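Please treat every number below as a calculation from the coordinates, not as lab data. Bear in mind the structure is a predicted one, so any value in this text is a computation, not a measurement. So basically every Cβ, Gly included, is an ideal-geometry build from the backbone, and we count neighbours across all protein chains shown.
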C-alpha cells in the first residue's frame, strides 16, 4: 500500500490561540480549505454532485460518497488520511513561531499531494484557531517534507516530487520469539474504542487486538492489495491469555466543535500506557503496522496514535 508521511512546517504571521488538542482544529480547517480549492460546483451538496466520484475533496473527507467499501466487515470505507497534530499542550502561539503537523496518506491519494499542498497554503490565508487581537492566526507554509525528502520550499515556491512513493504492507513473519515477552504500549493521543457497543475504559489485550485487526483489514482492503492473510479468530482467542502487568491508562475527555453539525461534541479516549505479558511474538507484525496507521475511532483527527517497545519479563 502506498504510504506517504508528510510533515508541514508553518510559520505564524500573527498571534494565535489554539486548543489543547489541536487535531480537530487543523482537520476542520484542512477540510474547508481543500473544498475551497478543488470544488467546481460549490452550490451543489456533495451527496448530490455528479462529480463526487472524481472529486479529491469527497475522496478525502466524504469518502463514503466517492467510493464503495472493499471490506465486507465494514460498510463505510475509511478515510485515506490521518492528521497528526503537534502534541504540545501550548495554546498561545506568538507571531513568527513555527508549528508542524503531519499528514499520513494511504493509497492513490498520494498522487494528489500538489493539490493538498496548495490547500495547506490556503489554510494559512484563512487563519487558524481563535485570534488574540480580533484576527485568526494566519500563517505561511515554509516547507513540506516526505519523511526526510524536501518536496516543497517557500523560498522557491516549487513542488519537487519523488519518483517513487514509499509503501507499507503486513508481513506475517513466522520467525517470532517463542517465549514470553512484555509489550508496552503508550498512547500519544486518545484512543477511542468500543467493545460490545460500549466505549472501553479498560484495555484487556483482546480488545486492543480486535481494534488493530479492524484497522489493518479496513485500510489494506481499501487502499492496499486486499485483506491481509491473518488468523483473525485465532489471534483474538489467544489474546485472552495475555496478562496486564502494569497500567497507567486513564480516561481523557475533550470537546470539539463540528461546523458541519453546528454543535459541540464530547470526545473521550484512553490515555497513558499499558504493559502486557505473554506469548506475544505473533502479534508484533500487527502492532508494528498499526503504529503507522493509528487505531480506534476518529483516527483522521489524529486519535489512536501509539508507540511501543518490547522487553523480557
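Tabulated data
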| item | result |
| --- | --- |
| Residues 310, 219, 274, sorted so that the one with the fewest Cβ neighbours within 10 Å comes first | 310, 274, 219 |
| Which of 64, 309 has the fewest Cβ neighbours within 10 Å, and the rest in rising order | 309, 64 |
| 0 to 90° range, to nearest 10: angle between helix 23-38 axis and the chain longest Cα axis | 50 |
| FRET efficiency, 1/(1 + (r/R0)^6) with R0 25 Å, evaluated for residue 225 and residue 48 via beta carbons | 0.15 |
| Fewest-first ranking of 67, 242, using other Cβ atoms within 10 Å as the exposure measure | 67, 242 |
| Overall dimensions of segment 1-132 by Cα: Rg and Dmax, Å | 15.8, 49 |
| Highest average packing first - 202-212, 42-52, 297-307, Cβ atoms within 10 Å | 297-307, 202-212, 42-52 |
| Degrees separating the helix 113-126 axis from the principal Cα axis of the chain, which is the longest one | 60 |
| Tensor-based shape of segment 111-250 (alpha-carbon gyration tensor, a/c under 1.5 rounded, otherwise prolate or oblate) | prolate |
| Two-site label geometry, residue 87 and residue 158: point separation in nm, points 7 Å out along Cα→Cβ | 3.6 |
| Rounded Å value of the spacing that divides the Cα centres of segment 54-130 and segment 142-187 | 17 |
| Computed [θ] at 222 nm, deg cm²/dmol, the chain (DSSP H ≥ 4; -39,500 (n - 2.57); rounded to nearest 500) | -7000 deg cm²/dmol |
| Choice from 112, 277, 222 showing the highest fluctuation, given a GNM over the chain with Cα pairs closer than 10 Å | 112 |
